[in-house]
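Scroll down for the structure; my scribbles are underneath it.
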2 protein chains.
Amino acid sequence: MERGFTLWFTGLSGAGKSTLANLAAHELRHRGHRVEILDGDEVRTNLSKGLGFSKEDRDTNIRRIGYVCNLLARNGVIAISAAISPYREVRAEVRALHTHAGFFEVFMKCPLDTLVQRDVKGLYKKALAGEIKGFTGVSDPYEEPLNPELVVDSSIEQVNDSLAKLLRELEVRSHIMRNGVRA
Amino acid sequence: MERGFTLWFTGLSGAGKSTLANLAAHELRHRGHRVEILDGDEVRTNLSKGLGFSKEDRDTNIRRIGYVCNLLARNGVIAISAAISPYREVRAEVRALHTHAGFFEVFMKCPLDTLVQRDVKGLYKKALAGEIKGFTGVSDPYEEPLNPELVVDSSIEQVNDSLAKLLRELEVRSHIMRNGVRA
């Protein structure tokens with residue numbers, strides 16, 4: 001049976017998590033893998049309605065995503081999470097849950113200055129103006145991964161280069177991609 | 001790719017849902033399928049902490065189980081739920097969610113008298129004495145399925161006969177078990 005794993009993106013809002021996650025999902029599906037993206041918003045609707053953005057609620061939300069990723073991954077699926085997941089301890093907890101599946105963490109590193117400049121959704125402007133409370137990176141902490149499997153800096157890399165780098169890393173780690181490509 | 005489906009047990013506490021679910025899981029795994037049981041208690045811990053037993057909270061809990069079952073099933077897994085799931089409307093909602101996977105509902109029918117007599121966990125005694133509030137079948141409604149794929153009555157059937165009947169039904173419905181057995 002194909003071995004599944006969880007591909008866990010973490011990083012600030014706007015750092016490119018969803019973009020790279022979607023491109024990777026597309027390419028991995030094309031190569032014959034089963035892939036499921038756990039989109040942060042969809043998960044909040046389906047698994048975490050009623051939870052807010054306090055540390056406790058964020059942790060609960062991330063734990064739930066991690067629980068579902070592990071269920072999928074241990075059944076041969078590549079489960080992709082693209083939630084901010086700001087706290088190191090809960091990310092470590094989610095990783096530890098994967099006793100029968102691989103876990104691959106991608107840190108989407110992007111300087112705050114760049115994110116504030118881009119501000120595609122206009123969220124940083126609002127956060128800096130105090131209109132959004134508890135915004136990760138501005139008024140709420142983000143704890144960088146100490147030892148992620150991959151670091152991607154979208155302020156200096158082209159997204160296609162990041163994708164190629166990610167796929168190469170997944171291939172190199174043959175214990176994760178064991179029985180990799182399927183017809 | 002193997003087609004997954006959800007095997008959804010519904011019925012009163014003590015009607016034999018978990019027993020049959022576990023036997024079916026064992027046999028289906030033995031036949032080479034990927035199987036995941038979503039145990040009611042485990043789900044309450046991991047996905048529904050904080051939810052109680054009001055109609056609204058029960059519905060939310062069942063919706064979450066259904067959401068995860070569908071994620072697994074559409075990725076080729078046989079997802080098994082063995083929660084009481086007392087309300088018809090939410091069960092219908094969960095079924096409707098399965099647009100890319102099969103859904104097979106097993107109604108564990110067992111007369112209340114028999115359950116009260118058995119009372120393996122002593123819960124019915126407490127519920128009848130009013131020590132447990134909102135106990136399904138005693139002080140909280142259970143809405144029987146109108147058109148389940150299978151009815152099992154554990155007050156008159158031996159569990160091995162029920163298991164054989166269930167497996168036969170799954171095989172007959174080849175649209176559910178398509179590409180069924182894997183080496």
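The values are calculated or read from the model by the stated rules, or taken from the named source; none is laboratory data. Bear in mind the structure is a predicted one, so any value in this text is a computation, not a measurement. Cβ placement follows ideal geometry from the backbone for every residue including glycine, while neighbour counts extend to all protein chains displayed.
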Those residues of region A:1-17 that are in a loop (DSSP other than H, G, I, E, B) and touching a Gly at 6+ places or on another chain (Cβ under 6 Å) come to a total of 4
If you scan region A:85-100, which residues turn out to be crowded, with 18+ Cβ neighbours inside 10 Å and in contact with a strand residue (DSSP E or B) (Cβ under 8 Å, 6 or more places away or on another chain)?
A:85, A:86, A:91, A:94, A:98
The residue from A:126, A:109, A:133 that alone is at negative phi and modelled with pLDDT under 95 is A:133
Scanning region B:102-160 for residues that are within 17 Å of residue B:14 (Cβ to Cβ) and among the charged types (D, E, K, R) gives B:109, B:113, B:118, B:119, B:121, B:125, B:126, B:131, B:140, B:144, B:153, B:157
For region A:18-56, how many residues are within 19 Å of residue A:102 (Cβ to Cβ), within 12 Å of another protein chain (Cβ to nearest Cβ) and not in a loop (DSSP other than H, G, I, E, B)?
5
Failed criterion for residue B:1 (all others in (1) of a type outside the set (Phe, Trp, Tyr); (2) over 25 Å from residue A:56 (Cβ atoms); (3) at pLDDT 95 or above hold):
(3)
Which listed residue, of A:38, A:7, A:20, is under 13 Å from the mean Cα position of the chain (by Cα), buried (at least 17 other Cβ atoms within 10 Å of the Cβ) and over 23 Å from residue B:69 (Cβ atoms):
A:20
Identify, by number, the condition in (1) more than 15 Å from residue B:148 (Cβ to Cβ); (2) in a strand (DSSP E or B) that residue B:126 doesn't meet.
(2)
Looking only at residues in region A:57-112 that are under 14 Å from the mean Cα position of the chain (by Cα), more than 20 Å from residue A:159 (Cβ to Cβ) and assigned to a strand (DSSP E or B), which one is nearest to the other protein chains (Cβ to nearest Cβ)?
A:79
Might you check whether a residue that is in contact with a Leu (Cβ under 6 Å, 6 or more places away or on another chain) and touching a residue at least 12 places away in the same chain (Cβ under 8 Å) occurs anywhere in region B:84-105?
yes
In region A:113-123, residues that are more than 20 Å from the chain's Cα centre (by Cα) and part of a loop (DSSP other than H, G, I, E, B) total 1
